[in-house]
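The values are calculated or read from the model by the stated rules, or taken from the named source; none is laboratory data. For clarity, every value in this text was computed on a predicted model and none was experimentally measured. For neighbour counting, all protein chains shown are included, and Cβ atoms are generated from backbone atoms with ideal geometry for every residue, glycine included. Heavy atoms of the whole protein, side chains included, go into the accessibility calculation; ligands, DNA and RNA do not. Shrake-Rupley method; radii C 1.70, N 1.55, O 1.52, S 1.80 Å.
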Amino acid sequence: MQYIEAVRTMQAKLSVVNRIMLLCGIALIIIWPIEGTLALRNLLLFVGGALGLKQTVQHSDLLRGPSARPIQLITALGLWVIFHYLVLSQNSPRELYHLKHSWLPGAFAAFLGIGTGLVAGSNSRWRKGIFFGLLAFLLFFYANYFQISYSLGRFTMPYPWEMGYYGNKISIVVFGMLSLAITLSMLSQTFQILDKGNTLRSLGIALLLVLNLLAFLLVGTKNGMALGTIVLGCFVLIELVARRKNWKVIAILSGIIVTGVTILYVHTKSINEWDNFSATVTAGFQTDKYDNWSNHEAMGPPVLADGTVTKDSAYVRTAYAVLGAQFLLEKPLGYGSLNDSFKYLVKEKYPEKKDTTVVATLSGWLDFGLAMGLPGLLLLLAAVGSTYYLAWGQSTLWSKSTMWLMATLALAWLVAEVCDDIFLESLLFFVCLFSAGNISHPKMGKSL
């Protein structure tokens with residue numbers, strides 16, 4: 001109660017400074033994945049992060065208890081990063097580069113997340129602003145899709161995403177998953193009080209959910225469709241068990257299932273990478289027998305003894321994951337370079353493969369572990385996991401959003417190359433944002 005009263009006093013009147021900080025946070029959420037916004041992002045990070053640091057110092061007493069465990073773990077991670085550079089670095093120039101260009105912006109993002117969370121946690125208007133920022137992905141995505149389709153004179157699938165705001169599929173997958181997480185949280189919250197008055201609202205939110213899945217279909221992203229299907233499947237099971245006696249909920253969920261299965265069917269028919277999936281993954285595990293992974297652009301995917309032609313993407317991802325896991329066990333303290341430690345470790349272990357083109361493992365968690373070692377990886381995973389845990393069992397929209405957002409971030413980092421730049425910044429921001437918001441939310445208060 002002492003913590004909550006302190007935060008309520010802090011927010012009795014939102015100062016101009018706090019409003020600027022909150023606007024910086026919401027604006028960053030919207031523009032993070034958009035190409036060509038580097039200068040604006042850095043400005044927002046610097047201004048918002050500095051104001052967030054002021055809030056962090058001013059209200060540091062709120063961050064000393066067990067309910068602030070995720071933020072404490074992020075702080076420990078920062079200390080480990082500095083120690084790693086000073087004592088354990090195997091490539092000091094590369095690690096110094098990442099300290100300046102990845103970790104320093106990440107620190108500003110963390111401070112901005114703490115400050116924004118403390119102020120917005122008990123202010124419903126600003127919480128809605130944060131949710132709007134996350135859902136704005138859909139607005140910009142479809143505006144971009146129709147703009148490109150109009151310029152081409154046709155609607156295509158997959159559409160040429162490289163011509164659009166995002167420039168790559170990864171940003172669409174990660175921020176699309178965050179939008180999906182908020183949509184699921186809103187739908188779950190609406191299901192709690194579903195009656196004649198808000199059936200239309202539930203259908204509107206369900207439409208947002210369908211638009212999220214449809215975005216992955218239009219882009220032709222296998223990761224997005226796979227992750228979206230897994231998360232949506234978990235949501236449907238949870239809600240069916242929790243509200244199995246509510247026919248309105250069951251009817252809405254049934255419609256979501258039919259629509260989701262239809263979208264998934266269209267995706268699998270339009271993307272042939274799912275063909276021979278089992279054989280492809282099996283070949284990927286045999287990294288010594290099939291070494292095509294070292295230069296798959298030139299060698300192509302392996303052809304098995306029975307003539308089966310494997311698929312490039314699934315084969316490379318599996319082989320990289322196997323090798324990356326082996327390197328992580330062999331080098332548990334990490335190499336130090338955030339986005340390409342895998343490249344250096346491959347060259348070190350396989351000097352004969354001089355034409356290798358590998359860079360990263362294509363898994364954010366694995367690349368992060370290869371860079372910062374098991375201690376760094378465990379600290380970051382613990383921060384994400386404890387943020388999820390501290391929201392568990394609560395019934396507020398903020399707590400539901402915390403759990404779904406942490407779960408989708410963890411999954412996205414598992415299958416995408418996202419361990420530096422905007423992805424590291426946004427992960428640190430969201431962990432600190434929702435952790436701090438849970439501290440100051442009037443209906444929260446769980447501790448580890």
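Tabulated data
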quantity	calculated
Estimated FRET transfer efficiency when R0 is 35 angstrom, pair residue 23-residue 357 (beta carbons, to 0.05)	0.25
Charge dipole (debye, nearest 20) of segment 282-392; +1 at Cβ of Lys and Arg, -1 at Cβ of Asp and Glu	160 debye
Length added when fully stretched, residue 297-residue 238, from 0.36 nm per residue minus Cα-Cα	17.0 nm
Cα gyration tensor shape for segment 366-425, rounded if a/c is under 1.5, else prolate or oblate	prolate
Amide N of segment 367-401 lying under 20 Å from the label point, which is placed 7 angstrom from the Cα of residue 88 along Cα→Cβ	367-385
Accessible carbon and sulfur surface of segment 91-199 relative to its total accessible area, %, 1.4 Å	64 percent
Global geometry of segment 30-116, whether rounded, prolate or oblate, following the gyration tensor of its Cα atoms and the 1.5 cut on a/c	oblate
Value of [θ]222 nm, deg cm²/dmol, for the chain, DSSP H segments ≥ 4, -39500 (n - 2.57) each, nearest 500	-23500 deg cm²/dmol
Gyration tensor verdict on the chain (Cα atoms; rounded if a/c is under 1.5, prolate if a/b is larger than b/c, oblate otherwise)	oblate
Peptides 162-169, 366-373 ordered by average Cβ neighbours within 10 Å, highest first	366-373, 162-169
For peptides 291-303, 70-82, sequence by mean Cβ density within 10 Å, most packed first	70-82, 291-303
Interatomic Cα distance distribution for segment 215-325, bins of 10 angstrom, percent	13, 33, 26, 18, 9, 2
Label-to-label distance, nm, for residues given as residue 306 and residue 201 (7 Å Cα→Cβ offset)	5.5 nm
1.4 Å probe accessible area per residue over the chain, in Å²	43 Å²
Percent carbon-and-sulfur accessible area, segment 308-427, ignoring ligands, DNA and RNA, probe 1.4 Å	65 percent
Packing rank of 261-271, 203-213, where each peptide gets the mean count of other beta carbons within 10 Å, highest leading	203-213, 261-271
Mean Kyte hydropathy of 1.6 or more with a Cα span along the axis of at least 15 Å, helices from DSSP in the chain	16-31, 104-120, 199-219, 222-242
FRET efficiency, residue 326 to residue 395 (Cβ-Cβ, R0 51 Å, nearest 0.05)	0.70
